[in-house]
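A quick write-up on the structure given underneath.
Each value in this text was obtained by applying a stated rule to the coordinates, not by laboratory testing. In this text the structure is predicted, and so the values were computed from the model without any measurement. We place every Cβ from the backbone using ideal geometry, glycine too, and count neighbours over all the protein chains shown.
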Amino acid sequence: MIRTGRTQAALLAGKTVRAAARRLGHGGTALPGLVAERVDPDLVRALGAQLECSALITGTNGKTTTARLLASILQEAGRTVVHNRAGSNLMRGLAAALVEAAGKDGRLPQSAVGVFEVDEATLPSAAAATPPQVLVINNLLRDQLDRYGEIDAIRERWQHAIRSLPASTTVALNADDPLVATLADDVRGPVRFFGIEDELDSVDDHAAEAHWHPETGAEFVYDRIFYAHIGHWRCADDGRSRPNPEACARGIAPAAGGVAFLMEIDEASTQVGLPLAGLYNIYNALAAATAATVLGADLDSTTTALAGARAAFGRQECLSSDGHVVRILLGKNPAGLNEALRTLQGRDDALHLLVLLNDGLADGRDISWIWDTEWEALAPRVDSVVVGGRRAADMALRLEYAGFPAPRARQADIGRALDRALAGLPDDAELTVLPTYTALLDVRARLSARAGAPPIWEEA
Amino acid sequence: MARRRLRVAVLYPRVMNLYGDRGNVMALQARAAARDVDLEVDSIEIGDGWAPDETDIVLIGGGQDREQRRVQADLHARSRALQDFRDADGVILAVCGGYQLFGRSYRDNHGGVLRGAGVFDMVSIHPGPRIQRCVGNVVALWEGDTLVGFENHGGRSYLNEGTIPLAEVVVGFGNNGGDGLEGARIRNAFGTYLHGALLPKNPRFADRLLQLALQRRYGENELVPLSDAAEIRAHAETLHRSLRGRR
Ligand SMILES: [Zn+2]
């Protein structure tokens, strides 16, 4: 299978590093992929060529959850899946997943399907290395401007990537995000849209980003906004509007620990109970179901897999510590955090929060965005709050403005912040943790250590 | 004391609100309310009318280049009114992209020249997409105190002779990364590259804007001090992060 000595060397190097990392307890890193890619930059192409088919999933928010849902649908349908589940969505993450799946001879399992989440900026190189059967783009939201740059630049990069895809690639686009839906103009092959068909209340979100069509300059107007700038849109002057989705959700209702809705794909429909709350997870489920259909999975497998979905790492994930349920809701950018906060408003118990704000490179060093998040509505529901992370004081000030009770503690050190948050909880109370990305890695590792929860790489 | 009222005109809040600039409005509102001052906020979008005589403070936030291009014509049509407002000692705070547009001109990342409102005697030039942006935490010296915030701008601003800088850069790039200056001031008009949001964690500067507006409208000089414990902690934390980030 492996044709060049270099690829063989890369594979062995990757496997060796992986074994060593596992011995040291760092199973989930992309280090094996990084090393293997160094040895042979062509590794992803060489190994990926053996896949029967593959899906690439990108977008600002929801990549991890969508990829995870798609992988479980395909497994439910009896397929063998190669998935970069350990969380690295750069080329090295794809390389790590392929190195892990391949035997020493470089052979992937028979008719394996690739499911890869890719970083916004990585999409072009990933698409070039492994041209997918289906490319999923879920949303384009404001995220860490200091790191990713202006969102026009990201959208332009996506356009280039889409134009160079073969006509055999289906592109699945979110009909409700105008910055994504309008990418259809650049697709050579088939397009499938997904979206929400429901008369839900409109929200006014300060994280909204799309005001005008990026090319025509026509102003977007909305009949309904579900979150950020995602909703039922049309262009004011030129008559363009949200396309009718081939896959949609209707009749959305809260259900125990999540949401229930009717999912329609083409002529078929199925009642879905998704144990993940929030509209953003409905989009993730629709995105996964659309891709699964393209890859040939049946609707029953989709329904079953969605019903059995477990939260991805830090995305509404539930752990337990010191006799308390600890729920983690990642909030890495304004749109994501606002959706997490809306999810909490749907709950009817008093809230005990641990809010963690870091300003590492992977969080975005600029924390100004906390002033675009909508804490005010949640304030009356909050019983107690502890703030932590390197920018705890900035977050405490934001929460004071929102009318929150004075924090029980404010600790730059996340371990201490967690201690204080757990120590002051009433019996049976649940702790809700809202971390930025690096704070999530930190607090999740500490919770694992405390509660004997499985480390990341096993859990995933 | 009798209840007083100030009116703030926020220019293009829907479009020019990049990264939390609405925190500035929230800070003015909260700090005014604590002094029994009602702060009324008028949102001025493209094409909307504006009554300078009834306005005490004008705010404009940041925006990406495409947003600046979008509002430029409307803003330029208001140049005269804004300059008159400045000359009548109206209080102005222009942040980042809004600051660039309040200068004489801005050559943007596509090389197109946007004519500004001319509130500040200053030109801004984007050196092109290949040149590093000015990104990071900022500490600047202002009136014996520090201003802290975060900057993220491609364009470089150059003050013409006679325009006073707002502050001197200790950490960060400031106006252009070369002359050590940050922001601009003419009369009661202030321009700056600092987000953060700026006013919540720079309470003395926020109070300066309020005090100038109250003095102009009501002849009042003094503001009752506030405790500002959380504000000062956030200010100190940003100082700490900025100074550590230098290494
Ligand atoms: Zn800016």
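Modelled label-to-label distance, A:ALA377 and A:ALA268, 7 Å Cα→beta-carbon offset: nm?
In this crude spin-label approximation the distance works out to 3.5 nm.
Would you kindly state how much longer the chain becomes between A:GLU219 and A:SER320 on full extension, computed as 0.36 nm times their sequence separation minus their alpha carbon distance, in nm to one decimal?
Values: separation 101, 0.36 × 101 = 36.36 nm, distance 4.76 nm.
Gain on extension, A:GLU219 to A:SER320, equals 31.6 nm.
Give me the one-decimal nm value for the distance between modelled label points at A:ASP204 and A:ARG163, 7 Å along each residue's Cα-to-Cβ direction.
Modelled inter-label distance: 3.9 nm.
Of all beta bridges DSSP finds with both residues in region A:5-307, what is the antiparallel percent, to the nearest 5?
Working: 22 of 46 bridges.
Close to 50 percent.
Scale the Cα Rg of region A:49-173 by the rule-of-thumb value 2.2 N^0.38 Å and send over the ratio, two decimals.
Details: Rg = 14.3 Å, N = 125, 2.2 N^0.38 = 13.8 Å.
Expressed relative to 2.2 N^0.38 Å, the Cα Rg reads 1.04.
Explain nothing, just the number: relative contact order of chain A, from Cα pairs under 8 Å at least 6 residues apart, as a whole percent.
On the way: 1002 pairs, mean separation 60.8, N = 460.
Taking the mean separation of contacting Cα pairs over the length of chain A, I get 13 percent.
For q values of 0.11, 0.21 Å⁻¹, compute log₁₀ I(q)/I(0) with the Debye formula on a Cα-only model of region B:45-180, without solvent.
After summing over all Cα pairs, the log10 values are -0.40, -1.37.
Taking a virtual spin label 7 Å from the Cα of B:THR163 along the C-beta vector, which residues in region B:180-206 bring their backbone nitrogen under 12 Å of it?
B:182-186, B:190-193
Within straight cross-link reach of A:LYS332, meaning Cα distance under 17 Å, which lysines are found once same-chain residues fewer than 8 apart are removed?
Cα-Cα hits under 17 Å: A:LYS63.
Given R₀ = 25 Å, what would the calculated FRET efficiency be for B:ALA33 paired with B:ARG187, taking r from the Cβ atoms and rounding to 0.05?
Values: r = 26 Å, r/R0 = 1.05.
Taking R0 as 25 Å, the efficiency between B:ALA33 and B:ARG187 is 0.40.
To check my understanding: the extent here is largest minus smallest coordinate of the Cα atoms along each principal axis. What are those three numbers for chain B, in Å, largest first?
Sorted largest first, the three principal extents are 56, 44, 33 Å.
If you place +1 on the Cβ of every Lys and Arg, -1 on the Cβ of every Asp and Glu, and leave all else neutral, what size is the dipole of region A:315-451 about its Cα centre, to the nearest 20 Debye?
Working: 17 positive and 20 negative charges, 70 e Å.
Using only the charged Cβ atoms, the result is roughly 340 debye.
Between A:ALA451 and B:HIS240, how high is the FRET efficiency from 1/(1 + (r/R0)^6) when r is the Cβ-Cβ distance and R₀ = 35 Å? Nearest 0.05. Each step should come with its number before you reach the end.
Values: r = 32 Å, r/R0 = 0.92.
Computed FRET efficiency for A:ALA451 and B:HIS240 comes out at 0.60.
So which aspartates and glutamates can A:LYS104 reach, going by Cα to Cα under 17 Å and dropping same-chain residues fewer than 8 places off?
Correct list for A:LYS104: A:GLU37, A:ASP40.
Under a Cβ-only charge scheme (Lys and Arg +1, Asp and Glu -1), can you give me the dipole magnitude of region B:4-244 about the Cα centre, in debye to the nearest 20? Show your work: numbers first, answer last.
Values: 29 positive and 31 negative charges, 133 e Å.
Value, rounded to 20: 640 debye.
For region B:97-129 and region B:1-59, write down the distance between their C-alpha centroids in whole Å.
When both Cα centres are located, 24 Å separates them.
Only bridges whose two residues both fall in region B:4-244 count here: according to DSSP, what percent of them are antiparallel, nearest 5? It would help to have the intermediate numbers written out before the result.
Details: 26 of 49 bridges.
So the antiparallel bridges amount to about 55 percent of the total.
When the Karplus curve 6.51 cos²θ - 1.76 cosθ + 1.60 is applied with θ = phi - 60°, which whole-Hz ³J(HN,Hα) does each residue of region A:244-250 get, with x for Gly and Pro?
Whole-Hz 3J(HN,Hα) from phi for region A:244-250: 6, x, 6, 10, 9, 10, 10.
For A:ASP349 paired with A:ASP185, estimate the spin-label separation in nm (one decimal), with each label point 7 Å from Cα along the Cα-to-Cβ line.
The modelled label-to-label distance comes out at 5.0 nm.
For the protein assembly as shown, what proportion of DSSP beta bridges, expressed in % and rounded to the nearest 5, is antiparallel?
Rounded to the nearest five, the antiparallel share is 45 percent.
On the first, second and third principal axes, largest extent first, how far apart are the outermost C-alpha atoms of the protein assembly as shown in Å?
Principal axes ranked by extent give 81, 58, 51 Å for the Cα atoms.
In debye, nearest 20: dipole of region B:117-247 around its Cα centre with unit charges on the Cβ of K, R (+) and D, E (-)?
480 debye
Which whole DSSP H helices in chain B pass both tests: a Cα extent of 30 Å or more along the axis and a mean Kyte-Doolittle value no lower than 0.5?
Numbers: long enough: none.
None clear 30 Å together with a mean of 0.5.
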